[in-house]
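The values are calculated or read from the model by the stated rules, or taken from the named source; none is laboratory data. Keep in mind that what you see is a predicted model, and the values were worked out from it rather than measured. No Cβ is skipped: glycine too gets one built from the backbone with ideal geometry, and neighbour counts run over all protein chains shown. Just so you know, the surface numbers come from the protein's heavy atoms only, side chains and all, with ligands and any DNA or RNA stripped out. Shrake-Rupley method; radii C 1.70, N 1.55, O 1.52, S 1.80 Å.
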Protein chains: 2
Amino acid sequence: MDVENHIKSNQTLKLHKKALINLLITSQYVNDRINAILKTFGLTTPQFNVLRILKGQKGQPANLSTIQDRMISKMSNTTRIVDKLIEKELVSRQICKDNRRKIEIFITDNGHQLLDQVNPHFEKEERLMTSQLNENELKEFYNHLNKIRINE
Amino acid sequence: MDVENHIKSNQTLKLHKKALINLLITSQYVNDRINAILKTFGLTTPQFNVLRILKGQKGQPANLSTIQDRMISKMSNTTRIVDKLIEKELVSRQICKDNRRKIEIFITDNGHQLLDQVNPHFEKEERLMTSQLNENELKEFYNHLNKIRINE
DNA sequence: CACTTAAATTTGTACCAACAAATATTGTAT
DNA sequence: ATACAATATTTGTTGGTACAAATTTAAGTG
């Protein structure tokens, strides 16, 4: 669907505006598709991301700052996301012996099992959403995105 | 910044994954920049969007369904966004005479004045964020986004 | 008119984000 | 050792999102 149609605009927008609006609409679309999958497993996107980060630790624990560093959206409340995961027994938390300010977070066996269930669906959806773009187009798209964040 | 670096991934990701993650990171970036501007005027993004939609009505009122239709993210709670704007006296609400189920929302003079103040800053930021892409690249970028939403 | 269905909005709940302030622990300087 | 700064996490508050259920009013049917 065209952007003007999507937001039901009655004026003709400049291309750079349309591109930015399309970026927001499309990321919303991607988020919605991902949410729909995760929801069937009782997970939210940030919860899933925390689990993936912990899995990436390969047995090593992570403290909250580390998790926060690796999140796509650097938000401030990893504590409360982890709380939810602990309720579901997907992760566990213990105070770091060396530095009692730090909290070590582990993924549990339950957590691993849930990830293994979710991942095939997740990756299928990722492939589907990018299936209309060939390698060259993906590369272009990637570079264009980088140019928007040029002043980051 | 590269995507792997951004999420501190230690594995090499496939291009289609990197592109999708970059999409989410970049839309987050755009949202953050926009929020930063609106915040100095005491507005949130959805509040600003509702104001813009009402301005686009050119004197005509809008009901809640209309506003919702034109929002970038079609969320369910226009009522509460409008409540915030009424508190700030940027919009007013009155029950439609013809159909008392419908609520007519108007932008106030205050609302217009605030929009006139915000818009130059907003448009400057839009131009800045797209300044590294020429017209042809913007067109490509726009088309690539559409291809991701192909199954919409 | 009574009854049912549909439309438009409101309300409730659970979760997340942004921000600021509070708390707890460690490190450092004198 | 005491005071102070830095680090890591937690907590409180406001605003937003998604979803479902409730409410209100309008419209249609016998």
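Per Stokes-Einstein, at 20 °C and 1.002 mPa s, what whole-number D in µm² s⁻¹ belongs to segment B:44-123, with the Kirkwood radius over Cα pairs as the hydrodynamic radius? It would help to have the intermediate numbers written out before the result.
Working: Rh = 12.7 Å.
Reported coefficient: 169 µm²/s.
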Where the label is 7 Å out from Cα toward Cβ, how close does A:SER76 come to the same position in every other copy, in nm, shortest first?
2.7
Measuring from the axis that superposes chain B on chain A, report the chain B residue with the minimal C-beta distance, rounded to whole Å.
B:SER27, 2
Counting only residues 5 or more apart in sequence or on a different chain, those whose built amide H sits under 5 Å from that of B:THR108 are B:VAL91, B:SER92
Among B:CYS96, B:GLN117, B:ALA36, the residue whose Cα sits farthest towards the positive end of the charge dipole of the protein assembly as shown (+1 at Cβ of Lys and Arg, -1 at Cβ of Asp and Glu, taken about the Cα centre) is B:CYS96
Evaluate the distance, in nm, between pseudo-label points positioned 7 Å from the Cα of A:GLN60 and of B:SER131 along their respective Cα→Cβ axes.
4.0 nm
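With every protein chain present, what is the per residue accessible area of chain B (1.4 Å probe, Å²)?
On the way: 8240 Å² over 152 residues.
Roughly 54 Å² per residue, with all protein chains present.
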Rank-order B:15-21, A:125-131 by packing density, defined as the average count of other C-beta atoms within 10 Å over each peptide's residues, highest first.
B:15-21, A:125-131
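What is the interface area between chains A and B, defined as buried accessible area summed over both chains with a 1.4 Å probe, reported in Å² to the nearest 100?
The contact between B and A buries close to 6100 Å².
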Spin-label pair A:PHE41/B:LYS139, simplified geometry with 7 Å Cα→Cβ offset, distance in nm
4.2 nm
With a 1.4 Å probe and all protein chains left in place, how much of the accessible area of chain A comes from carbon and sulfur atoms, in whole percent?
47 percent
Spherically averaged projected area of chain A from its Cα convex hull (nm²):
11.9 nm²
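Classify segment A:78-139 as rounded, prolate or oblate from the Cα gyration tensor: take a ≥ b ≥ c as the square roots of its eigenvalues, call it rounded if a/c is under 1.5, otherwise prolate when a/b beats b/c and oblate if not. Walk me through the intermediate numbers first.
Working: a/c = 3.67, a/b = 2.24, b/c = 1.64.
Cα axes put segment A:78-139 in the prolate bin.
Would you calculate the volume per residue, in Å³, of the smallest convex hull containing every Cα atom of the protein assembly as shown? Please report the intermediate quantities before stating the final value.
Details: hull volume 48.8 nm³, N = 304.
Spread over its residues, the Cα hull of the protein assembly as shown gives 161 Å³ apiece.
What does the helix-only formula give at 222 nm for the protein assembly as shown: each DSSP H stretch with n ≥ 4 adding -39500 (n - 2.57), the total divided by the residues, and the result rounded to the nearest 500 deg cm²/dmol?
Values: 14 runs with 186 residues, N = 304.
Rounded to the nearest 500, the figure is -19500 deg cm²/dmol.
Add +1 for every Lys or Arg and -1 for every Asp or Glu among the other residues with Cβ under 12 Å from the Cβ of B:ILE7, and state the total. Walk me through the intermediate numbers first.
Details: positive: A:ARG52, A:ARG70, A:LYS74, B:LYS8, B:LYS17, B:LYS18; negative: A:ASP69, B:ASP2, B:GLU4.
Its environment carries a net charge of +3.
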Give the nm distances, rounded to one decimal, from B:SER65 to the matching residue in every other copy, measuring between label points 7 Å along Cα toward the beta carbon; shortest first.
5.4
